[in-house]
Every structure is written in C-alpha cells, then in structure tokens.
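Some notes on the structure that comes next.
The values are calculated or read from the model by the stated rules, or taken from the named source; none is laboratory data. Model, not experiment: these values are computed from the prediction. Cβ placement follows ideal geometry from the backbone for every residue including glycine, while neighbour counts extend to all protein chains displayed. Ligands, DNA and RNA are stripped out before the accessible areas are found, and what is left, the full protein with its side chains, is counted by its heavy atoms. Shrake-Rupley method; radii C 1.70, N 1.55, O 1.52, S 1.80 Å.
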Amino acid sequence: MTSHLILLNPHAGTSGQAELIRDWARDRGHELIETESAEEAHQRAAGAALAGRTLLVAGGDGSVHAAVNGLLSSGASAPHFGVLPLGTGNDLVRSIGLPEDIEDVLVAYDARRFHPLDAFEIFLDESSRFGINVASIGLGGRLAEAVTTELKDRWGPLAYVLEGFTQATEAEAFPLTLKVDGRVLDESALGILVANGRYAAGGFDVAPQARVDDGLLDIVVVQPKGLVDRAVVAARLLAGDYTNSDSVLCMTCREVEITPPPGLSFNVDGERGGGGVCRIEVRPAALRVLVPPTL
C-alpha cells in the first residue's frame, strides 16, 4: 500500500491534535514532514505531485492554499490530495463534506476513497494563482483581513460572526463591471464572491448552490441598499438562505472577469491578493480529494 506524504503545520491546532496525526502517520507507514513556511509547503507539495504521491495537509486554510498551489503549478495530472483540519475556519473541509473532528477525518481517510475536486485559476497583476474554495472582493475581503490571528485565538469561529456584522454595517458600496462567460454586466455591490466551495469566512454558507465537482463557479453579488436591508441580509446569511434575498444576485459560469475600482484587493481562499482587473477560470476535476466513504 502506497504511503502518503503528510505536511504538518506545527503552529496550527493543538498539541494533542498534532500528536494524534503523528501517531496515525507512524502506525500506517506514512511520511510526515513539519513545514515552517508557506514556501516550503508549496515546494514539497509540487514534489509530491510529480512523484505521484497522495498529499495530506494538516493545518488551516492558509496551509491548504499554499499546498494546493504547489500541487496545481507542478503540471501533474489531477494530483491526489486530502485535508487534516487544524484551523479555525476549515471552510474547504465543510465544502467537501468532511467531518471537522480530526479523529473522524483520520478514520474516514483509512478508506482511501477519492472524489474529483474542481479548482480555479485567478489571473491578476500579470500573474496567476490557484484557489479551490472562494475568491472575494469588498465585504468578503474586508472580513478576512479583520479577523486577525489574535481574534481567532480569543473567540475561535465566533470571531467571524462578530466581525461579519461589523463589516456589513460599515462597508461602502462600489461600482464594478463583470464579464460573465462573455456577457457584460455593470453592477454596484458591497461585495462579490466567486465560489467553487459552499462555505467561507469560518463556516458561513455563502454559496448554498455551489458544488465542488460540477465544473462551474458560482458568483454571488451582495447589493443591499440601506442599513436595514444590510441587517436583513446579514441575518439571512446566518440562517443560510441569504441568496434568496432580492438584494443578492447569483449566477454560475465557467469564466468571469471582474473590474473593480482602484484600491480594492482580492482575497483568495483567505489569503490576500492584489487589485485591478481579475479573470477567474474554473479548472474542472483538477484534483482528486480524499472524502468520507459515505459521500
């Protein structure tokens, strides 16, 4: 039985969780490496893809983002990949249907069942990078930046809820132009997100119709008109049905180009990107991801 390569972020999760992963890896003959930087995770992930090995990332969304970019930039065909969740957000884990408890994930991974996982490539500032969950600008990006490590350490997942209401109240609408599979739309929004996965910002159901294996991206444009409308949309977001609001525009596509005003930066899977015109393309079945046997 082929062994996996596990990249463990030693600064994520608890010491008990890390020890559990170390024991599981040793008992099953998997190789485990503790990474100290996103650059190291990127390089080792690329090496695993080229060697045809299954890569497991033990860490938070930042660790996953770095490793996925290593896998997909390697040029290998549909690398095999899995997540051992140690962060506070764990949004990708929710989107692919994994349990959030690390012990349950390890049990599920013993079955070695893989499923196709779409990704997307985002072209920005004459460069590109990959994402697998959500890219956002405006409200979503502000929230990701506002929820600092200190807030997450203090409040855990509740930090996203507390800051979410604050950012929804204080955010200002901005004009933007969308080119959705060639169709041009001029809109005004508090925020826009392009979703492959369903969950973001610490478990918010931001794109309820999104599926990680349908070969499509879901676009959600948040357009509330006043403070009361914003409060209603925020409350419906917590309830999981905000996309049914008249103040939220939803579409699906394979490619979207977004032209925002100057000064706004994109956020990709929780990591800050640059500003300017951005083009996002879906990459169907770019990865094969480990999933529970019942998925």
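Among the residues that make up the stretch 100-118, is at least one of them open to solvent by less than 50 Å² (accessible area, probe 1.4 Å), at pLDDT 85 or above, of a type in the set (V, I, T) and more than 22 Å from A25 (Cβ to Cβ)?
no
If the requirement is being among the small types (G, A, S), modelled with pLDDT under 85, in contact with a strand residue (DSSP E or B) (Cβ under 6 Å, 6 or more places away or on another chain) and more than 23 Å from E187 (Cβ to Cβ), which of these qualifies: G274, G240? Lay out the reasoning, then the answer.
Working: G274 fails: more than 23 Å from E187 (Cβ to Cβ).
Being among the small types (G, A, S), modelled with pLDDT under 85, in contact with a strand residue (DSSP E or B) (Cβ under 6 Å, 6 or more places away or on another chain) and more than 23 Å from E187 (Cβ to Cβ) holds for just one of G274, G240, which is G240.
Which is surrounded by 22 or more Cβ atoms within 10 Å (Cβ to Cβ) and in contact (Cβ under 8 Å) with a residue 60 or more places away in the chain, of F81, F130? First the steps, then the outcome.
Working: F130 fails: surrounded by 22 or more Cβ atoms within 10 Å (Cβ to Cβ).
Among F81, F130, only F81 is surrounded by 22 or more Cβ atoms within 10 Å (Cβ to Cβ) and in contact (Cβ under 8 Å) with a residue 60 or more places away in the chain.
Please determine, by comparing only the residues of the stretch 1-39 that are in a strand (DSSP E or B) and of a type outside the set (D, E, K, R), which one is surrounded by the fewest Cβ atoms within 10 Å (Cβ to Cβ).
Only one residue fits best here, namely I33.
Condition test on P224, is it modelled with pLDDT under 85 and either buried (at least 22 other Cβ atoms within 10 Å of the Cβ) or touching a helix residue (DSSP H, G or I) at 6+ places or on another chain (Cβ under 6 Å) (or both)? Explain how you work it out, then say what you get.
Values: modelled with pLDDT under 85: yes; either buried (at least 22 other Cβ atoms within 10 Å of the Cβ) or touching a helix residue (DSSP H, G or I) at 6+ places or on another chain (Cβ under 6 Å) (or both): yes.
Considered against the rule, which asks whether it is modelled with pLDDT under 85 and either buried (at least 22 other Cβ atoms within 10 Å of the Cβ) or touching a helix residue (DSSP H, G or I) at 6+ places or on another chain (Cβ under 6 Å) (or both), P224 comes out as yes.
Determine if the stretch 109-117 includes at least one residue that is of a type in the set (A, V, I, L, M, F, W, C) and within 17 Å of the chain's Cα centre (by Cα). Steps first, please.
First, pick out the residues of the stretch 109-117 that are of a type in the set (A, V, I, L, M, F, W, C): 111, 114, 117.
Still in the list and also within 17 Å of the chain's Cα centre (by Cα): 117.
So far as the stretch 109-117 goes, yes, one or more of its residues are of a type in the set (A, V, I, L, M, F, W, C) and within 17 Å of the chain's Cα centre (by Cα).
Listed here are the residues, each with its yes/no results for (1) within 25 Å of L106 (Cβ to Cβ); (2) in a helix (DSSP H, G or I).
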{"position": "A41", "(1), (2)": "yes, yes"}
{"position": "A48", "(1), (2)": "yes, yes"}
{"position": "G52", "(1), (2)": "yes, no"}
{"position": "V57", "(1), (2)": "yes, no"}
{"position": "G62", "(1), (2)": "yes, yes"}
{"position": "L71", "(1), (2)": "yes, yes"}
{"position": "G75", "(1), (2)": "no, no"}
{"position": "G82", "(1), (2)": "yes, no"}
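Search the stretch 185-208 for residues being part of a strand (DSSP E or B) and over 14 Å from the mean Cα position of the chain (by Cα), and hand back the single one that is nearest to S95 (Cα to Cα). Outline the logic, then answer.
Step one: of the stretch 185-208, the residues part of a strand (DSSP E or B) are 185-189, 191-195, 199-200, 204-205.
With the extra rule that they be over 14 Å from the mean Cα position of the chain (by Cα), the set shrinks to 185-189, 191-192.
Values: L185: 28, D186: 30, E187: 28, S188: 28, A189: 25, G191: 21, I192: 19 Å.
Ranking the qualifying residues of the stretch 185-208, first place goes to I192.
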